[in-house]
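Only the coordinates and a few stated rules stand behind these numbers; no lab work does. Because the structure is predicted, anything quoted here is derived from the model rather than measured. Because the Cβ atoms are built from the backbone with ideal geometry, glycine has one as well, and the counts that use them run over all protein chains shown.
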Amino acid sequence: MADPASTAKPEPVATDPWKRVEHVPCLLTIELPITAFRGADLVRLTPGQVLSTRVTAGQDVPLRVNGELIAWTEFEAVRDRMAVRITDFAE
């Protein structure tokens, strides 16, 4: 008589490997270099203040997930919000 466990169908393999990590929280970070910024500038920051960056229009900025570089992005205006568009994935 055959052992029922040995004749059982194997579990189906997940077709989407991302299903296993969909619930894991991630921190997305966009890096913007600020020119000549110092500690004294940090303590004087105020709401609504505009900071000058080294990034020019159309220049790619790094996108990191939990500290790991995953892509390059560029900023764009979408209605009344700023958004980032992925331009290339990191290797």
With a ≥ b ≥ c taken as the square roots of the eigenvalues of the C-alpha gyration tensor of segment 26-89, please select rounded if a/c is under 1.5 and otherwise prolate if a/b is larger than b/c or oblate if it is not? prolate
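Subtract the Cα-Cα distance of Ala83 and Val21 from 0.36 nm times their separation in residues, and report this length gain in nm to one decimal. Spell out each step's value before the answer.
Details: separation 62, 0.36 × 62 = 22.32 nm, distance 2.46 nm.
In short, 19.9 nm is gained.
Please arrange Ile86, Ile70 by counting, for each residue, the other beta carbons lying within 10 Å of its beta carbon, fewest first.
On the way: Ile86 12, Ile70 15.
In increasing order of surrounding Cβ atoms, one gets Ile86, Ile70.
For segment 26-89, what relative contact order do you get, as a whole percent, if you take Cα pairs closer than 8 Å and at least 6 residues apart? Can you show the working numbers first?
Working: 86 pairs, mean separation 18.9, N = 64.
Normalised by residue count, the contact order of segment 26-89 is 30 percent.
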